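What follows is a set of notes on a single structure, which appears directly below.
The values are calculated or read from the model by the stated rules, or taken from the named source; none is laboratory data. These figures come from a predicted structure and were not determined experimentally. For neighbour counting, all protein chains shown are included, and Cβ atoms are generated from backbone atoms with ideal geometry for every residue, glycine included. Each accessible area value is taken on the protein alone, full model and side chains, heavy atoms only, with ligands, DNA and RNA left out. Shrake-Rupley method; radii C 1.70, N 1.55, O 1.52, S 1.80 Å.
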Amino acid sequence: MKRILIILLFINFTVQAQEKIKWPQHKKAVIVLTYDDALESQLNIAVPQLDAAHLTATFFLTGDINRLTIPRWRALSKRGYELGNHTIFHPCLSTDDNPVPSEKYTAYGMIREIEVMNHFLYAVDGQIGRTFAYPCAETLAGGKDYVDTLKKYDMVKYARIGGDTNAVITDFKHLDPFRVPSYGLEDGTTGNQLIAFVKSTLKHGGMGVIMFHGIGGDYITTSAKAHQELLNYIRDNQKDLWVTTFQKAMDYVTAASKPAAHSAKVQ
Ligand SMILES: [Zn+2]
């Protein structure tokens, strides 16, 4: 009898492992729009486009916010947009245009900076439960990977890394919530390239996270036209697409990819 139970359990888990995730409201895929570095072109161009399309998004802010922009970011949070943590000083491996080198950091120094940015963001929006995006999509402090250290401190729930057009997530059982891949755009990515990524996400029934920087300005710029074309495509396919914040999407996939309660009880 015990052996039969074990076999049944095995079959049950195998079937579950092969099952595709079921998205809410019979949607076929989820798209998460994320915008890094607290850039003003996001406030001036991306947000009005998102508002007009009735879509939401996640903005990963650095300490590069001030008395003029803080009220604007705060207003976004009140309207359901997510403000995420992208550190205070954006430490990355040394380059000419990067003033704060991550080589000089320790893992603990990085963690402290993320913690203080969490306090800063709490002062901006009063929210608890914060998500994180690694600066320059790098996970190094002092040349060593700090992801495991970050996991030990209970200060962010999920963290986004980089990736390319293959960053569509389909294997949620093996998804590391502190290494969630995203499609990191290059300067001048076109509307068609963005739409191709959404189509690929739809085809695979997965989760597609897009990492934007400037929209119609600033740097690593996606033109206002390309951004609008993407939003138009999403709106035209909203029957099949769930567009939500990084935190809400990850909360959903984390809960949905846990083994079903009845399977656990059989033991
Ligand atoms: Zn950044």
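When H90 is tested against (1) within 16 Å of the ligand (Cβ to nearest atom); (2) open to solvent by 30 Å² or more (accessible area, probe 1.4 Å); (3) over 26 Å from I31 (Cβ atoms); (4) at pLDDT 95 or above, exactly one condition is not met: (3).
A search for C-beta distances below 8 Å between a residue of the stretch 83-95 that is within 15 Å of E138 (Cβ to Cβ) and any residue that is part of a loop (DSSP other than H, G, I, E, B) and near the ligand (Cβ under 8 Å from one of its atoms), counting only pairs 6+ apart in sequence or on different chains, returns H86/D37; H86/T62; T87/T62; F89/T62; H90/D37; H90/T62. If you go through the stretch 30-61 and keep only what is part of a loop (DSSP other than H, G, I, E, B) and surrounded by 17 or more Cβ atoms within 10 Å (Cβ to Cβ), you end up with D37, A38, L39, L55, T56, A57. For the stretch 130-162, what are the residues that are open to solvent by less than 10 Å² (accessible area, probe 1.4 Å), within 15 Å of the ligand (Cβ to nearest atom) and in a strand (DSSP E or B)? Passing the criteria: F132, A133, A159, R160. Number of residues in the stretch 177-205 that are within 15 Å of the chain's Cα centre (by Cα) and either open to solvent by 80 Å² or more (accessible area, probe 1.4 Å) or free of Cβ contacts under 8 Å to residues at least 24 places away in the same chain (or both) equals 1. In summary, F89 fulfils each of the numbered conditions (1) under 29 Å from V243 (Cβ atoms); (2) not in a helix (DSSP H, G or I) with the single exception of condition (1). When you scan the stretch 62-79, do you find a residue that is buried (at least 18 other Cβ atoms within 10 Å of the Cβ), of a type outside the set (G, A, S), within 12 Å of the ligand (Cβ to nearest atom) and at negative phi, even just one? Yes.
Each row is one residue, and each column tells you yes or no for (1) modelled with pLDDT of 95 or more; (2) more than 16 Å from the ligand (Cβ to nearest atom); (3) in a loop (DSSP other than H, G, I, E, B); (4) over 30 Å from Q127 (Cα atoms).
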residue	(1), (2), (3), (4)
L175	yes, yes, yes, no
G188	yes, yes, yes, yes
L194	yes, yes, no, yes
S200	yes, yes, no, yes
K225	yes, yes, no, yes
A249	yes, yes, no, no
T254	yes, yes, no, no
K258	no, yes, yes, no
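From the list E103, E82, E113, the lone residue that is touching a strand residue (DSSP E or B) at 6+ places or on another chain (Cβ under 9 Å), surrounded by 14 or more Cβ atoms within 10 Å (Cβ to Cβ) and not basic (K, R) is E82.
For R67, the test of being among the basic types (K, R), in a helix (DSSP H, G or I) and free of Cβ contacts under 8 Å to residues at least 40 places away in the same chain is failed.
Just so you know, in the stretch 33-51 the residues that are in contact (Cβ under 8 Å) with a residue 60 or more places away in the chain and more than 16 Å from the ligand (Cβ to nearest atom) include one that is nearest to F246 (Cα to Cα), and it is L50.
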